[in-house]
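**Q** Dropping a structure here in structure tokens format, bear with me for questions.
The values are calculated or read from the model by the stated rules, or taken from the named source; none is laboratory data. In this text the structure is predicted, and so the values were computed from the model without any measurement. Cβ: placed from backbone, ideal geometry, glycine included. Neighbour counts: every protein chain shown.
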Amino acid sequence: MSDFLREHFAALLLAIAFAFSLTFFLVWPPERIARTLYFPRTTGSELSAETRLLPRNVPIERSVQLVVEDSILGPKVLFHRRPFPRATRVRSVMIADRIAYVNLSTEAILGDERLYDPATGIEAIRRSVLHNFRRLADAVITIEGQVPFSPAYHGVGDAAGSSQRSAF
């Protein structure tokens with residue numbers, strides 16, 4: 001038996017260390033999780049990915065909000081740019097029927113058009129959310145409650161809002 005131990009001592013030691021580390025990991029999982037964020041490239045409208053460590057044990061709405069806020073903070077890589085101006089705020093995040101609704105502040109569209117393309121920024125945020133939260137079927141990004149590049153809702157009546165209005 002002692003010959004067996006001498007021959008396999010390193011393998012046994014490695015197996016014990018693995019079992020200990022696996023038990024430690026299962027009992028105390030890491031507090032942060034790697035999330036992939038997408039950013040527009042400085043040249044063109046392609047998106048590129050970066051990895052960030054974000055808190056793990058938070059509700060899904062808060063996790064989505066953290067992904068979006070970290071995206072707005074900007075990239076680490078020099079060849080990427082932020083999707084929206086830094087002053088942009090996440091006003092709300094709601095998840096219903098496997099769809100994430102992310103509402104951004106007006107600052108998202110007030111940036112210099114040469115630096116910030118709202119359509120590319122929206123696609124970067126949308127891809128970041130859908131990539132990190134696979135259970136979601138879709139992500140709807142709004143700015144001040146309005147879906148960008150779609151006609152505004154003016155009330156009951158026709159799309160232009162020319163329904164009969166009271167004199168008040």
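**Q** Name every residue in the range 1-49 that is of a type in the set (A, V, I, L, M), outside any helix (DSSP H, G or I) and out of contact with any Asp or Glu (no Cβ under 9 Å at 6 or more places or on another chain), in order of residue number.
**A** MET1, ILE33, ALA34, ALA49, listed by residue number.
**Q** Would you point out which residue out of ILE95, ILE99 is touching a helix residue (DSSP H, G or I) at 6+ places or on another chain (Cβ under 8 Å), modelled with pLDDT of 85 or more and under 27 Å from SER63 (Cβ atoms)? Steps first, please.
**A** Values: ILE99 fails: touching a helix residue (DSSP H, G or I) at 6+ places or on another chain (Cβ under 8 Å).
Just one listed residue meets the conditions, ILE95.
**Q** Looking only at the range 50-82, how many residues end up being in contact with a Ser or Thr (Cβ under 6 Å, 6 or more places away or on another chain) and outside any strand (DSSP E or B)?
**A** Within the range 50-82, residues that are in contact with a Ser or Thr (Cβ under 6 Å, 6 or more places away or on another chain) and outside any strand (DSSP E or B) number 5.
**Q** Spot the failing condition for PHE149; the list is (1) at pLDDT below 95; (2) of a type in the set (A, V, I, L, M, F, W, C); (3) assigned to a helix (DSSP H, G or I), and only one is missed.
**A** That leaves (3) as the condition not met.
**Q** Look through LEU37, LEU22 and report the one residue that is free of Cβ contacts under 8 Å to residues at least 40 places away in the same chain and hydrophobic (A, V, I, L, M, F, W, C).
**A** LEU22
**Q** Tell me which residues, restricted to the range 48-97, are under 14 Å from ILE141 (Cβ atoms) and acidic (Asp, Glu). Lay out the reasoning, then the answer.
**A** Quick first cut of the range 48-97, residues under 14 Å from ILE141 (Cβ atoms) only: 64-65, 67-69, 71-72, 83-84, 88-95.
Answer for the range 48-97, where residues must be under 14 Å from ILE141 (Cβ atoms) and acidic (Asp, Glu): just GLU69.
**Q** Just name the residue that is surrounded by the fewest Cβ atoms within 10 Å (Cβ to Cβ) out of those in the range 34-50 that are β-branched (Val, Ile, Thr) and modelled with pLDDT under 95.
**A** Step by step, filter the range 34-50, then rank; the result is THR43.
**Q** Here's another thing I want to ask about it. Return the only residue of ALA19, ALA49 being farther than 23 Å from ARG89 by Cα and aliphatic (A, V, I, L, M).
**A** Only one candidate passes the filter, namely ALA19.
**Q** Kindly indicate the residue of the range 79-96 that is in contact (Cβ under 8 Å) with a residue 24 or more places away in the chain and surrounded by fewer than 13 Cβ atoms within 10 Å (Cβ to Cβ) and also nearest to ALA124 (Cα to Cα) among those meeting that condition.
**A** PHE79
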